[in-house]
Amino acid sequence: MSLVADPETPVAHLPVDALQHHDPVSLVARGVSLAYDQRTVVHGVDLAIPAGAVTVIVGANGCGKSTLLRGLGRILKPTSGTVELGGRDVQRMRPREVAGLLGLLPQQPVAPEGITVADLVGRGRHPHQGAFRRWSAADADAVATALALTDTQDLAGRRVEELSGGQRQRVWVALMLAQDPSIMLLDEPTTYLDIAHQVDVLELLAELNEERGTTVVMVLHELNLAARYADHLVVMCEGRVLREGAPADVLDAACVQEAFGLDAQVVADPVTGSPLVVPVGRRAVRRGRALDTAV
């Protein structure tokens, strides 16, 4: 199968037939603390990721959300506690076994010098290969699908270092799709993307979740996009989970103030009904008063 994106078809509505349907796999942090050079960043976190749902982790800069994602993805070993994947300590599992179930897209991934887009995305198929299984038509289909879904098929022959920041980000998402894990962990997957491509990527991840059962865990900075796309929202503050649950149950003015130090009103999104955070700034207040006076 060779997929070519129709320019008039939204990315999220392209076919994903080359990707598997995933059975639920549990991912649980039990009393997890994480540190860099003896400096503890995440403190004793207990967190059960809902299988088959979209979880978004938010919080102020430096709150530990990316560090927590690295711990969940087996990149950073806990100083205490355990991360369990499918009921097993992820640190005791073989790397290839983990990669077959769980994929991690870090915030600033680095590609080998000179590698083409097609070759990089093709590396996502390594967990599905072994000593006696070489590149197959199914692998080619998965890569073609990943390129089409991220609108990067026209970039396939180009070297990754030649691309813009936004193009590179879409290529890294394509690698994650080609890997086709049961659980996707993505740290700021919309970085460098304009608003249209941000929505395209989030719609694509939501569709993979709905149609293929893929568990998606993302770190996002944009609160309103997080609230719109999350089934389960995790708000972190100073290395701990402040609140978690459905966005409508979690996100209110008090939560935003405590987690971000931001005065805001939280209203219903006119499109989805999800929480919409409207910052209250001094300039906005002054302009509002001026308009009231003018009236």
* To do: Would you kindly give the portion of the calculated P(r) for segment 166-209 that falls above 15 Å, as a percent of all Cα pairs?
  => 36 percent
* Structure fact -> Cα-based Rg then Dmax for segment 20-145, in Å, read 16.5, 47
* Structure fact -> Counting only DSSP loop positions in segment 105-193, the chymotrypsin sites (Phe, Trp or Tyr not before Pro) whose Cβ has at most 12 other Cβ atoms within 10 Å are F132, W135
* Structure fact -> Options (1) 1.19; (2) 1.01; (3) 1.06 for Cα Rg over 2.2 N^0.38 Å; the value derived from the coordinates is listed as (3)
* Asked: Of all DSSP beta bridges located in segment 165-267, what percent are antiparallel, nearest 5?
  -> 50 percent
* Structure fact -> The helix 195-212 Cα axis meets the longest alpha-carbon principal axis of the chain at an angle in degrees, between 0 and 90 and rounded to 10, of 60 degrees
* **For segment 144-153, Karplus couplings with θ = phi - 60° (6.51, -1.76, 1.60), whole Hz, Gly/Pro x** => 4, 5, 4, 5, 5, 5, 9, 6, 10, 5
* **Burial ranking of peptide ranges 43-53, 117-127, 214-224 (average Cβ count within 10 Å, highest at the top)** => 214-224, 117-127, 43-53
* Between segment 229-262 and segment 33-86, the alpha-carbon center distance in angstrom -> 16 Å
* Quick one: Karplus J couplings for segment 218-231, per residue in order, coefficients 6.51, -1.76, 1.60, θ = phi - 60°, nearest Hz, x for Gly and Pro? -> 10, 9, 10, 8, 7, 4, 6, 5, 4, 5, 6, 9, 7, 7
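Only the coordinates and a few stated rules stand behind these numbers; no lab work does. Owing to the predicted nature of the structure, the values given are computational and were not obtained by experimental measurement. Cβ coordinates were reconstructed from backbone atoms using ideal geometry, including for glycine residues, and neighbour counts include every protein chain displayed.
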